[in-house]
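The values are calculated or read from the model by the stated rules, or taken from the named source; none is laboratory data. Note that the structure is a prediction, hence the values are computed from the model and not measured. Every residue, glycine as well, gets a Cβ built from its backbone with ideal geometry; the counts of neighbours run over all protein chains shown. Side chains are part of the model used for accessible areas, which takes the heavy atoms of the whole protein and leaves out ligands, DNA and RNA. Shrake-Rupley method; radii C 1.70, N 1.55, O 1.52, S 1.80 Å.
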Amino acid sequence: MVAGASAVFAWPATARAAEPGERPPPVGGEVDAGAVRFSYVSEVVEKPGAHGLFAVKNEVRNTGPAGLHFSWEKAGLVHFPRPLPAGAQANAWPSAPGASVRVDSDAPLLFDGEPKRAEAQAYVPVPAGPVHARRPAAPRSPAPGSTRIASSIELPNGGLVGFDAEVAIGVDGQSVRYSANLSPASFSLALGGVVELLGDEGLAVRVAAEQGYKARVSSFEAMLPEDGAKPPANWLRDLSILSGRLLTIEPDATRDGQIGLTFRTKFRTFQAVERAFVVLGPTGEPVVAGIVMGLTIPRG
């Protein structure tokens, strides 16, 4: 049985509430498919200390007895090939300053290896128009878009380890700046959009090296382990969130979980688009993929 919200709640207002505490109701549901059981919810929450600014919070809670592989692409959560442990929850907080939010009534949540499908809904940010890079004399650049993901994985010895990753993408003068915070620092990141921005894989690696990072370019599929015991994932390979080339920052270069990379461009106007990032575990295996609404693609 798959149960979802019975109505669609559209909220085209801006990310700042008209009155303190004003926000739309959550949407979500529960899935009971035998041994696979979980709940999911998408809601708008007030950011701590942000004086009425809101962010979307998407959550999947595994209430079944075994690990859960799932993809909630439009909510920015893909937990594969490492499953979400039984009893654990995965959360994503996408934030796009200046954006509106609305409910996407077609945000399916795929799960299991076949896959099965839950007809889910999710709040999604609706970006504002193109952003012009400010002149060097301007006092500040536009605020970056960011996404934070918190989840956990099971260790080979049976224990659990939690992780927290926040990635932000924004304009810094005539440059695009990626920044991230990772905990624990043994985890690493693969960033989408960098190669497309620079137009050259070798240049992306060289620019990262010039800023003190060891990096390489690959794809999500290339990161997957060649292990016949893993669940089938052909349905994952077609997801747009996992397409394109990724710049992987090696763990020993993350400076205690802090990453900051700036890529200079000749463009002065940037289009707000969703870009993927992948959190990699200590062994370099993908754990979670997410999206961040960032100013990453120049519009000429």
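Taking Ser71 as the residue in question, decide whether it is open to solvent by less than 30 Å² (accessible area, probe 1.4 Å), over 18 Å from Val273 (Cβ atoms) and of a type in the set (Ser, Thr, Tyr).
On the way: open to solvent by less than 30 Å² (accessible area, probe 1.4 Å): yes; over 18 Å from Val273 (Cβ atoms): yes; of a type in the set (Ser, Thr, Tyr): yes.
Judged against the criteria, Ser71 is a match.
Which of (1) modelled with pLDDT under 85; (2) out of contact with any helix residue (DSSP H, G or I) (no Cβ under 6 Å at 6 or more places or on another chain) is the odd one out, the single condition Ile241 does not satisfy?
Going through the list (1) modelled with pLDDT under 85; (2) out of contact with any helix residue (DSSP H, G or I) (no Cβ under 6 Å at 6 or more places or on another chain), Ile241 breaks only (2).
Which of (1) modelled with pLDDT of 85 or more; (2) within 17 Å of the chain's Cα centre (by Cα); (3) open to solvent by 20 Å² or more (accessible area, probe 1.4 Å) is the odd one out, the single condition Pro65 does not satisfy?
For Pro65, the failing item is (2).
Given the condition at pLDDT 85 or above, assigned to a loop (DSSP other than H, G, I, E, B), surrounded by fewer than 23 Cβ atoms within 10 Å (Cβ to Cβ) and among the hydroxyl-bearing types (Ser, Thr, Tyr), answer yes or no: does some residue in segment 132-143 qualify? Can you show your working first?
So in segment 132-143, the residues at pLDDT 85 or above come out as none.
The answer is no, given that none of the residues of segment 132-143 is at pLDDT 85 or above, assigned to a loop (DSSP other than H, G, I, E, B), surrounded by fewer than 23 Cβ atoms within 10 Å (Cβ to Cβ) and among the hydroxyl-bearing types (Ser, Thr, Tyr).
Counting only residues that are loosely packed, with under 14 Cβ neighbours inside 10 Å, at pLDDT 75 or above and within 22 Å of the chain's Cα centre (by Cα), how many does segment 5-56 have?
The total comes to 1.
Here are the criteria: (1) outside any helix (DSSP H, G or I); (2) at pLDDT 90 or above; (3) open to solvent by less than 30 Å² (accessible area, probe 1.4 Å); (4) in contact with a helix residue (DSSP H, G or I) (Cβ under 9 Å, 6 or more places away or on another chain). Tell me which single one Val279 does not satisfy.
The single condition Val279 does not satisfy is (4).
Determine which member of the set Arg177, Arg268 is at pLDDT 85 or above, open to solvent by 10 Å² or more (accessible area, probe 1.4 Å) and basic (Lys, Arg). Can you show your working first?
Values: Arg268 fails: at pLDDT 85 or above.
Answer to the selection: Arg177.
For segment 206-216, check the following and say yes or no: at least one residue is open to solvent by less than 50 Å² (accessible area, probe 1.4 Å) and part of a strand (DSSP E or B).
yes
Hey, among the residues in segment 109-131 that are closer than 19 Å to Lys57 by Cα and part of a loop (DSSP other than H, G, I, E, B), which one's modelled with the lowest pLDDT? Reasoning before the result, please.
If we filter segment 109-131 for residues that are closer than 19 Å to Lys57 by Cα, which is where we start, we get 109-110, 118-127.
Still in the list and also part of a loop (DSSP other than H, G, I, E, B): 119-121, 127.
Working: Glu119: 93, Ala120: 95, Gln121: 95, Pro127: 67.
Checked segment 109-131; the qualifying residue modelled with the lowest pLDDT is Pro127.
So which pairs qualify, if the first residue must be in segment 187-199 and among the β-branched types (Val, Ile, Thr), the second must be in a loop (DSSP other than H, G, I, E, B) and surrounded by fewer than 21 Cβ atoms within 10 Å (Cβ to Cβ), the Cβ gap must be under 8 Å, and the two must be at least 6 apart or on different chains?
Val195/Gly244; Val195/Arg245
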